[in-house]
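Quick notes on the structure that follows.
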Amino acid sequence: MRHSMTAVLEKSETYTSNFDTEPYEVGWASEARWFIRIQKIAGEDTVLRAYPQISPDGLFWCDEGSEPIVMPKEGLYSLALREFGQWLRLRCELAGKSSSVMVLIYLAMKE
Amino acid sequence: MSLTKDDLRIALIQANPHLSRYNPLPRILFYDDFDQGINGWVELTGNHNGDLTRIREITRDLRPPQLSNATFFDVGTHGSVNGVYSMKLATRPKAGHMSQAIKRMTFVKPGLVQLETYFTFKSEQSFNWSDAEKAAWNGNQDPSETHFGEFTFSNDNCEDHNGARYHCALRYVNADEHGKLIHKWMYKTSLQTSTKMQMAGMVKPPEDYHVQSPDDWKEIPGGYQPLCYNEIPTKINWHYLRWIWDTRTRRNVELQVNNNVMDLRDIPVPVYDHAYSGLSHLLNFCIDVRTRRNIRNFLFLDSILVSVDW
């Protein structure tokens, strides 16, 4: 049976500016899927964009190259990744005026 | 010469490459090799009513454990004692932040419980040493060692319908918030603040998960023990740990870390003066790491073996 595992990386946290998720090790997995649930979104023209990032060492990061997940309203969003090396995180950009978002972020991994 | 049942059991354990480095009690309750997955260890989270913003601050962000191959920027993959993967607990880079993993069991009957593991600990590589740290580096003692705060092995025990509950907690303090090396094993002297206690206003919200006041810790007799940090943050050396407690006496029994065997029988363990429901025969195993600086701290567990005398 294949191993699988889900990590909850942000638990109903509210952000009012750009943020990165904490580094998470995924070397054992061959596929991963980000799930982002926008629980609340406020402000003017608020949009959260999440760019998947990869790293060889958990210290230095680059964009993975996929199109960002664009989240202008409440709801559940997702992005699948493969061939990502050892570490994953999301670089999250919050656009708009007086913007804030409350997010739940999951990383679902499979062997 | 005739073999006893115990002779045969010990011979089988000693002939098994995975088990021969352990010293289990008669019944192995579980053996968690993290090359075989996460094995039931999960982030501890505080109680809530479905609204995660209601979780108490101290238990709100204890971070999910990771299956790590211990890869570092200078040498690549270190791996574990056997195989590739260990379970890694990682704090945020924020002074006072703690990461804790828990495994939840129940017990069949009261008795001895023994947790054994091979562990190692590191702070994250820092590229921003202070001037004092740059001046102090002598090629042997590395500032990184002073960036690592502490780790704690603890449990959560609740008896049957009487609801009597207590936690044992043993903490290794490596360095304080100023970076002073302490190198001591400590035991806690006050109750862990529960959600119930905090909601009832019985106590103030704690600064330290395990105790009501951050000063509620005492040195274990014989608890001074410098461990093998090994100079820089990318060399990991595994340490043996064996901790035994007795759910008949509600006491710790012994802690062994490499050559240091500490008798814990006379150390008091606080018991709640109020009952807890829904926790009949609870037996939880908890491991955490806490940073005292704005630098991530990591604790790696190669494998964990828990055995009992039931």
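The values are calculated or read from the model by the stated rules, or taken from the named source; none is laboratory data. These numbers were taken from a predicted model, which means no experiment stands behind them. Here the Cβ is made from the backbone with ideal geometry for all residues, glycine too, and neighbour counts use every protein chain on show. With ligands, DNA and RNA removed, areas are computed over all heavy atoms of the protein, side chains included. Shrake-Rupley method; radii C 1.70, N 1.55, O 1.52, S 1.80 Å.
See the values below:
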{"read-out": "Fraction of accessible area attributable to carbon and sulfur, region B:5-308 (%, probe 1.4 Å)", "value": "50"}
{"read-out": "Amide N proximity, region B:66-87 versus B:Asn39 label position 7 Å along Cα-to-Cβ, cut-off under 14 Å", "value": "B:66-68, B:80-87"}
{"read-out": "Computed FRET value (nearest 0.05) for B:Thr4 with B:Leu181, which takes r as the C-beta separation and R₀ as 51 Å", "value": "0.60"}
{"read-out": "List of region B:75-119 residues, accessible area with partners at least 20 Å² below that of the chain alone (1.4 Å probe)", "value": "B:Tyr85, B:Lys88, B:Arg92"}
{"read-out": "FRET efficiency estimate (nearest 0.05) - Cβ-Cβ, B:Lys109 to A:Tyr15, R0 60 angstrom", "value": "0.80"}
{"read-out": "Pairs beyond 28 Å (Cα-Cα), from A:Lys40/B:Lys103; B:Lys134/B:Lys184; B:Lys184/B:Lys235; A:Lys73/B:Lys94; A:Lys11/B:Lys122; A:Lys11/B:Lys103", "value": "A:Lys40/B:Lys103; A:Lys73/B:Lys94"}
{"read-out": "Å² per residue, accessible surface of chain B at 1.4 Å", "value": "43"}
{"read-out": "Summed residue charge, Cβ within 11 Å of A:Tyr51's Cβ, Lys/Arg positive, Asp/Glu negative", "value": "-2"}
{"read-out": "Computed over region A:10-105, the ratio Rg/Rh where both radii use C-alpha atoms and Rh is Kirkwood", "value": "0.98"}
{"read-out": "Which of A:Met102, B:Tyr272, B:Phe30, positive extreme of dipole for the protein assembly as shown (C-beta unit charges)", "value": "B:Tyr272"}
{"read-out": "FRET efficiency, 1/(1 + (r/R0)^6) with R0 25 Å, evaluated for B:Thr77 and B:Ala132 via beta carbons", "value": "0.15"}
{"read-out": "Chains B and A together, accessible area buried on both sides, 1.4 angstrom probe, square angstrom", "value": "2100"}
{"read-out": "Rounded percent of accessible protein surface that carbon and sulfur make up, region A:10-105, 1.4 Å probe", "value": "46"}
{"read-out": "Protein-protein interface of region B:32-67, residues with accessible area decrease of at least 50 Å², isolated chain reference, 1.4 Å probe", "value": "B:Leu52, B:Arg60, B:Arg63, B:Pro64, B:Gln66, B:Leu67"}
{"read-out": "Gained length - B:Glu231 relative to B:Ala200, 0.36 nm times residue gap less alpha-carbon distance", "value": "6.5 nm"}
{"read-out": "Extension gain, B:Thr53 back to B:Asn140 (0.36 nm per residue minus Cα-Cα distance, nm)", "value": "26.8 nm"}
{"read-out": "Helical contribution to [θ] at 222 nm, DSSP H n ≥ 4, -39,500 (n - 2.57), averaged over the protein assembly as shown, rounded to 500", "value": "-1500 deg cm²/dmol"}
